[in-house]
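Below you'll find the structure, written out as structure tokens, and then a few comments.
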Number of protein chains: 2
Amino acid sequence: MSFMPPVTEQRFVLEHIAGIARLAESERFADASGDMVDAILEGAAQLAAGEWAPLNRLGDTEGAKLTDKGVVMPDGYVEAYRAYVEGGWGTIAAPVEFGGQGMPFTMAIAIMESLGSANMAFALCPILSVGSIESLTHHGSEELQVAYLPKLSSGEWTGTMNLTEPQAGSDVGALKTKAEPAEDGSWRIKGQKIFITFGEHDLASNIVHLVLARTPGAPEGTKGISLFLVPRYRLDENGEPGEENDARCVSLEHKLGINASPTCVMSYGDNDDCHGWLIGPENGGMRAMFTMMNNARLNVGLQGVQIGERATQQAVSFARERVQSARAGGNSREPVAIIEHPDVRRMLLRMKAATMATRALVYYAAGQVDAATLGDDEAKARSEVLTPLAKAYGTDMGCEVASLGVQVHGGMGFIEETGAAQHYRDARIAPIYEGTNGIQAADLVGRKLRLGGGAALASLLSDIAAGATEEPALAALAGDCEAVVGWLSSGDADTDDQLAASYPFLTMVSVATCGWLMARQLRVAEAQLGTGEGDSEFLKMKIAASRFYLDQMVPEARGLKAAATARADILYSVSDESFAA
Amino acid sequence: MSFMPPVTEQRFVLEHIAGIARLAESERFADASGDMVDAILEGAAQLAAGEWAPLNRLGDTEGAKLTDKGVVMPDGYVEAYRAYVEGGWGTIAAPVEFGGQGMPFTMAIAIMESLGSANMAFALCPILSVGSIESLTHHGSEELQVAYLPKLSSGEWTGTMNLTEPQAGSDVGALKTKAEPAEDGSWRIKGQKIFITFGEHDLASNIVHLVLARTPGAPEGTKGISLFLVPRYRLDENGEPGEENDARCVSLEHKLGINASPTCVMSYGDNDDCHGWLIGPENGGMRAMFTMMNNARLNVGLQGVQIGERATQQAVSFARERVQSARAGGNSREPVAIIEHPDVRRMLLRMKAATMATRALVYYAAGQVDAATLGDDEAKARSEVLTPLAKAYGTDMGCEVASLGVQVHGGMGFIEETGAAQHYRDARIAPIYEGTNGIQAADLVGRKLRLGGGAALASLLSDIAAGATEEPALAALAGDCEAVVGWLSSGDADTDDQLAASYPFLTMVSVATCGWLMARQLRVAEAQLGTGEGDSEFLKMKIAASRFYLDQMVPEARGLKAAATARADILYSVSDESFAA
């Protein structure tokens, strides 16, 4: 089935939710004019639909393979990646001083939505590169920046993030990889990393690994971690990839999904000759890594949107073609396309609503990141509150929408050839990596609840309440959220209580935020429809999906209040052994 | 990881929810004494844990294969099936007159839970056989019964159901397979069937296909469908499998999960020599098929329980072993097993609660089926109301629990070798087959809402309300359900409105029913714990899981009321084209 990125919708959300026009008023983002935004969205859509989407199924069935010559991508991927590089898509949001176009992060998000909807596994490669660029830009020495940023920005080289080790997953501080100083000022890295996305491949002439490791005598835990740049090929005197570094992929994981994305076990320093260069200060690795993690979390939240959009388009297409049974409530006994049946239509509208709502959430968060870059401190705090919501709720909805997509297909949904099942499998990684959704919930009730002395979250809820004057269910949910915040922040709730409540609370706040953003879009769409502006089919769906979200999905979230105010006691009323009884 | 069926829990639910002791008071089920129940549960658990569970992963990776010699099962399956047959497990609930043991259906459910938890894909083979036995017992001629039932009951032969054709899925009435009368009184069958579970394999010496087809001049739709018995091998004069019938598997589907279960495209009469025998009257096929479908639906609802139990055991085991991070709320900085972390423990308790709740629902429904067999008409009506709830909610929860199981494993959950991902994939078929969950919801607001003039559903809700005097959230949910029933039954809600509301309504009624059954178990467990009776670790978990369900999951379902009373208008406020806009 053919896929086409929802350019009209992207444009609408960029304009009315992310505030792209306002960003373009600044000197820094002056290039993000309306015409340029349109051109970028259209261009990315063409690349996504024309070159990346057709490879999605092949990437799933064939997968990346570890061969004698290293990791090899499936047929067509090298060419499709080249098209991405040559089109300059990697440079969109990269710094101008290193060959980038300096556009807002929000535009990179929009581009990545299109590419990731087309091919979620493949899009992980540029996402990881963007993370590396961020870290180097903010924390790298000028020498490293000059040497690596131009080619990372262009996409000629790609980047990776190396945090996880077998014993150190969510607990990054438990990592054991070592870095010893060498005489030439560089470091020698030794250790094994797991779950390294695009840790090796044949798409680029060099791979830039960012590796967390411990230097001699470093303190325990996260305070003793440093970040190193470890190239696959060390650079020669001309700055070109030269001698092979002692850094290699030793095996690939066999995964539930995203098979086109090689998930590598990486071994550094097997021959004691893995050269690395420090990024930022010694023991400052966590800070440097967090720089890339926040934006990466939004990019993962975006994956929920990507898979939601793709699954929805496919389900709509199937439901319009598949004829089965007459309408139960109709007069005719002629069978109809299943999109006519109320429960199928309900599933499809739910898919539309969830995807629109999470897109708005992620784009809004990205817009706040850009506003923060322009010096807006409130936007910075807002973006920090929004990040765990976008990551966790975005990916949860991605899974739900992909599952609904399977269901709409009936028996055909369970057959791999149909493609709906791939989305269901691919989607499932997103709630796990880049900080599990449980970690996001802990971040929300931990750091974010206290951010600005509580003001950051309170101001979001207050904005939602202010936007809910015509939406009683949303107003009630916002009130519920405020009540939960009150309890969580009181001395009455201890840390265990906060964590026990964290996940349902995160969902409540996420839905409230999405409801607010949907209500805002609803008003705009109604106004535009009234004045005859815009695409009326699109606007009618925007109104219907917003109403569905506000009238049916927002009330659902109110049902979570009991769980979000339950104490941890019940969890610890039973022994560990009882769980196995 | 090792798996062991939850025998203590099964015994508890059989006794306090399914009413097995009361069934055993009847002459018909007198054999189902306490000792016999224990022996059956223990024996099934041994077979499941010892022989079926170890083959589960191999069945997934290797799968059933179509070869020159027909469909071949993965290594070890022939032996494991033989152990099932030789242990007499297939005959438990089969009629005594045909070599069966005549035990209650409820006991067959308990056995099947253990086998299906061990190996969901494999257990489909006996489930399908049981369906064939049901149909033959109720609708087959004496000649067919004598010829086929003993070996179907013993498991020496297996059975299949053949409804679906490419154009006829949920709309069974659209099928085109033909049956022409032959001179010898049998029929010649011609047509293609798809999605035929265990349509061919090498486990048994014969396969008995039950095939829906149209006879010449039959009316259109479901009123013109007849049921035929089509053996893979026609019986010779000694009643043994003889000449090969013109019925074969032409291809296997490549599926998301249940790979050990061959899903066949079956071709009947390619050489115009496919012999079939009529079951029941001509054009009476739907009725004969429904006989097997109702029990099959409970068996599919049970699959949600199966996968829930298996996924939970695996997640608990992992969470007790995997050490990561110190307790945020604790004083020690030592890392702990992740089961100690509140949000992980919440996920595990939710898995326990959902699995217990759906087990209670399915066992309760099975107990009502048995009571109906003993002539209890109220139980019959109750079982008919419960069937769509058990099928749809049971399988939805199975998927949710399997997904939580993946999440508890973190990154390891996405790696196929871990096994959690297989449960997630396997579980996903259950909401689809045997009538999609949307079809179940339509059944609830269609036939079941009106059953007995509305009395069947009203009496269930009234029992729930009566059992909720000490449970305010449950009482409120029961009240919500009654309010929705009132609206759905009023002239105010048309067919479209009923169908638009059907799915959230089904979930509400299911949760209310489960909440009621959990509350009943809670009281028993508290009493037993008070008197020192029973396994205290088990009873404490029963209490905790019941409280969690009542205090946190029941309130969630209240959030569905808005969707269950929304009209269909919003769904049809947009054109089909708008969905693609």
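The values are calculated or read from the model by the stated rules, or taken from the named source; none is laboratory data. Given the structure is predicted, the values throughout are model-derived calculations rather than measurements. With ideal geometry, Cβ positions are generated from the backbone for all residues, glycine too; neighbour counts draw on all protein chains shown. Accessible surface areas use protein heavy atoms only, side chains included; no ligands, DNA or RNA. Shrake-Rupley method; radii C 1.70, N 1.55, O 1.52, S 1.80 Å.
Filtering segment B:146-171 to residues that are touching a strand residue (DSSP E or B) at 6+ places or on another chain (Cβ under 7 Å), within 14 Å of chain A (Cβ to nearest Cβ) and either hydroxyl-bearing (Ser, Thr, Tyr) or buried (at least 18 other Cβ atoms within 10 Å of the Cβ) (or both) leaves B:161, B:162, B:163, B:164, B:165. Among helices (runs of 4 or more DSSP H) lying entirely in segment B:425-532, which contain 3 or more residues that are within 10 Å of another protein chain (Cβ to nearest Cβ)? Once the helices (runs of 4 or more DSSP H) in segment B:425-532 are filtered for at least 3 residues that are within 10 Å of another protein chain (Cβ to nearest Cβ), what remains is B:437-443, B:495-531. Checked against the criterion of being part of a helix (DSSP H, G or I), without any contact (Cβ under 8 Å) to a residue 60 or more places away in the chain and farther than 30 Å from residue A:350 by Cβ, segment B:558-575 contains not a single residue that satisfies it. Can you tell me which residue in segment A:305-330 is nearest to the other protein chains (Cβ to nearest Cβ), limited to those that are among the hydrophobic types (A, V, I, L, M, F, W, C), open to solvent by 30 Å² or more (accessible area, probe 1.4 Å) and in contact (Cβ under 8 Å) with a residue 12 or more places away in the chain? My answer is A:328.
Being surrounded by 23 or more Cβ atoms within 10 Å (Cβ to Cβ), in contact with a Lys or Arg (Cβ under 9 Å, 6 or more places away or on another chain) and not hydrophobic (A, V, I, L, M, F, W, C) is the requirement here; does residue B:242 meet it? The answer is no for residue B:242. Selection of segment B:245-257 for residues being of a type in the set (Lys, Arg) and open to solvent by less than 40 Å² (accessible area, probe 1.4 Å) yields only B:255. Which condition from (1) modelled with pLDDT under 95; (2) in contact with a helix residue (DSSP H, G or I) (Cβ under 7 Å, 6 or more places away or on another chain) is the one that residue A:490 breaks? In the conditions (1) modelled with pLDDT under 95; (2) in contact with a helix residue (DSSP H, G or I) (Cβ under 7 Å, 6 or more places away or on another chain), residue A:490 misses (2) alone. Taking each residue of segment B:36-50 that is closer than 17 Å to residue B:120 by Cβ and in contact (Cβ under 8 Å) with a residue 12 or more places away in the chain and looking for partners that are of a type in the set (Val, Ile, Thr) and surrounded by 14 or more Cβ atoms within 10 Å (Cβ to Cβ) with beta-carbon atoms closer than 9 Å, six or more apart or interchain, yields B:44/B:7; B:44/B:92; B:44/B:111; B:45/B:7; B:47/B:111; B:48/B:111. Among residues of segment A:331-343 being more than 7 Å from chain B (Cβ to nearest Cβ) and part of a helix (DSSP H, G or I), the one that is most open to solvent (accessible area, probe 1.4 Å) is A:340. Please go through segment B:501-531 and give me each residue that is farther than 19 Å from residue B:354 by Cα, in contact (Cβ under 8 Å) with a residue 12 or more places away in the chain and open to solvent by 10 Å² or more (accessible area, probe 1.4 Å), ordered by number. The answer is B:526, B:529.
Being away from every other protein chain (no Cβ under 11 Å), surrounded by 19 or more Cβ atoms within 10 Å (Cβ to Cβ) and either in contact (Cβ under 8 Å) with a residue 40 or more places away in the chain or not in a helix (DSSP H, G or I) (or both) holds for only one residue in A:283, A:299, and it is A:299. The helices (runs of 4 or more DSSP H) falling completely within segment B:16-131 that include 3 or more residues that are open to solvent by less than 10 Å² (accessible area, probe 1.4 Å) map to B:34-47, B:77-86, B:105-118.
Residues that are away from every other protein chain (no Cβ under 14 Å) and β-branched (Val, Ile, Thr) do not occur anywhere in segment B:258-265. Against the conditions (1) open to solvent by 20 Å² or more (accessible area, probe 1.4 Å); (2) polar (S, T, N, Q); (3) part of a loop (DSSP other than H, G, I, E, B), residue A:261 satisfies every one except (1). Restricting the first member to segment A:533-546 and to residues that are touching a residue at least 24 places away in the same chain (Cβ under 8 Å) and in a loop (DSSP other than H, G, I, E, B), and the second to residues that are of a type in the set (Gly, Ala, Ser) and open to solvent by 10 Å² or more (accessible area, probe 1.4 Å), the beta-carbon pairs closer than 9 Å and six or more apart or on different chains are A:535/B:581. A search for C-beta distances below 9 Å between a residue of segment B:178-193 that is of a type in the set (Asp, Glu) and any residue that is in a strand (DSSP E or B) and open to solvent by 90 Å² or more (accessible area, probe 1.4 Å), counting only pairs 6+ apart in sequence or on different chains, returns B:180/B:190.
Check segment A:400-418 and report whether any residue there is surrounded by 24 or more Cβ atoms within 10 Å (Cβ to Cβ), within 11 Å of chain B (Cβ to nearest Cβ) and in contact with an Asp or Glu (Cβ under 9 Å, 6 or more places away or on another chain). Among the residues of segment A:400-418, at least one is surrounded by 24 or more Cβ atoms within 10 Å (Cβ to Cβ), within 11 Å of chain B (Cβ to nearest Cβ) and in contact with an Asp or Glu (Cβ under 9 Å, 6 or more places away or on another chain), which makes the answer yes. Looking across A:315, A:288, A:353, A:319, one residue alone is in a helix (DSSP H, G or I), touching a strand residue (DSSP E or B) at 6+ places or on another chain (Cβ under 7 Å) and within 25 Å of residue A:552 (Cα to Cα). It is A:319. Of all residues in segment A:533-571, those satisfying the criterion of being more than 7 Å from chain B (Cβ to nearest Cβ) and touching a Gly at 6+ places or on another chain (Cβ under 7 Å) are A:549, A:550, A:554.
When segment A:173-201 is filtered for residues that are in contact with a helix residue (DSSP H, G or I) (Cβ under 6 Å, 6 or more places away or on another chain) and among the hydrophobic types (A, V, I, L, M, F, W, C), the ones remaining, listed by number, are A:195, A:198.
Quick check: anything in segment B:350-359 surrounded by fewer than 24 Cβ atoms within 10 Å (Cβ to Cβ) and within 14 Å of chain A (Cβ to nearest Cβ)? Yes; the residues of segment B:350-359 include at least one that is surrounded by fewer than 24 Cβ atoms within 10 Å (Cβ to Cβ) and within 14 Å of chain A (Cβ to nearest Cβ).
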